[in-house]
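Right, one structure below, let's go through it.
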Amino acid sequence: MATGAVAPPPLAGARLGFVGARGVLHRRVFATPMKDEPVVSTNNREEETVTDSLNVAKKKSSLPGLSSSLSNKITVTPTPLHPAEPSDLRFNRLRPSVEESDCKYKRLFGCYVAREAIMDEEYWIAAWLRAEHRYEDQSGDRYVESFKRKFASQEFHALKKRCSNQVGEKYTCFVAVKNDDLTRTVVNSVVGTLDVCVRHPLHGEKYPEEPGNSPFYARIYQPHQPKFGYLTNVCVAKYARRQGIATNMLLLAIDAARFNGAESIYIHVHKDNLPARRLYDHIGFKMVDRNGARQPSDLCLLSFSLKH
């Protein structure tokens, strides 16, 4: 699918939309879902589950956390490089139940729940999902794992900062999490993510600009203008697609934007990304007519009215 503003990586995953500031759009939205995972007992009464695509690495590694690569090879989800800010990452942390996760926004569907990210591990997996997808087409590069790790580390800290700094705008990271009776770690529970930002337009701004190509605006909001929402980084793990995860995350984000006073919500999508455009069209997004102005890139802007 397509999304806008921020760029990130997938745990076994690929994004459904605009991936980050470079404006990379994934052209394939759906893939055959893989089997769910069995429970694997560990010491100290802790249990963690590992999907077929998230098998435990056979050789030892000093990096905690597990991830499935897009080629179904075993890769490791590393800890952030040189953290710029302290974090409480523990990759053996167990997933909280739906009742334990105190969220303002929540949407139950099938064996999943879409909700706000509430802990560092969820922010990290959201960042890793974005990084894996960003470098999906460079799997043959000998340095690709280092690139992914660096990107995920930067995105992790940037994402936490965006979500904590609410001056002038409301930025929320949503995740889709497995909701079943199995005991799982957080790392092996998150299957999708997206971000939504709600704010007033800046001085001189009429529509959200393409990520990475935004002209300079004075950081002065126009409170007399109606708020809008902007979606970015729509991403679903490869093994979990075709189960309505992206659709339900989008619907939850739309409800959250409406609740926070937005009158419309926007997203950028690649013109050739037909599966993503069909999804957004099904939800109700429409192409924005910018008075026939020539588009500067291969992205088009879609909008959804929240007034009704």
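According to the square roots a ≥ b ≥ c of the eigenvalues of the Cα gyration tensor, what is the shape class of the stretch 233-292, taking rounded for a/c under 1.5, prolate for a/b larger than b/c otherwise, and oblate for the remainder? Oblate is the answer for the stretch 233-292, as a/c is 1.5 or above yet b/c matches or exceeds a/b.
Here the average projected area of the convex hull drawn through the C-alpha atoms of the stretch 116-197 stands at 6.1 nm².
Using a cut-off of under 18 Å, list every residue of the stretch 129-173 whose amide N is near the label point 7 Å from the Cα of residue 220 along the Cα-to-beta-carbon line. Within reach of a label on residue 220: 168-169. The mean sequence separation of alpha-carbon pairs under 8 Å and at least six residues apart, normalised by the residue count of the stretch 88-140, gives a relative contact order of 28 percent.
Taking packing as the residue-averaged number of other Cβ atoms within 10 angstrom, the listed peptides 196-208, 162-174, 144-156 run from highest to lowest as 144-156, 196-208, 162-174. Model label points for residue 161 and residue 251, set 7 angstrom from Cα along the Cα-to-Cβ axis, are 3.6 nm apart.
Taking every alpha-carbon pair under 8 Å whose residues sit at least 6 apart, the stretch 137-200 reaches a relative contact order of 30 percent.
The calculated FRET efficiency for the pair residue 271 and residue 104, based on their C-beta separation and a Förster distance of 30 Å, comes to about 0.30. In this structure, the residue pairs whose Cα-Cα separation is over 26 Å, taken from 150/238; 206/286; 148/286; 227/286, are 148/286.
Read-outs: derived from the displayed coordinates by stated rules, not from any lab. This one's a predicted model, so the numbers in the text were calculated from it and none came from an experiment. Backbone-built Cβ (ideal geometry, glycine too); neighbour counts: all protein chains shown.
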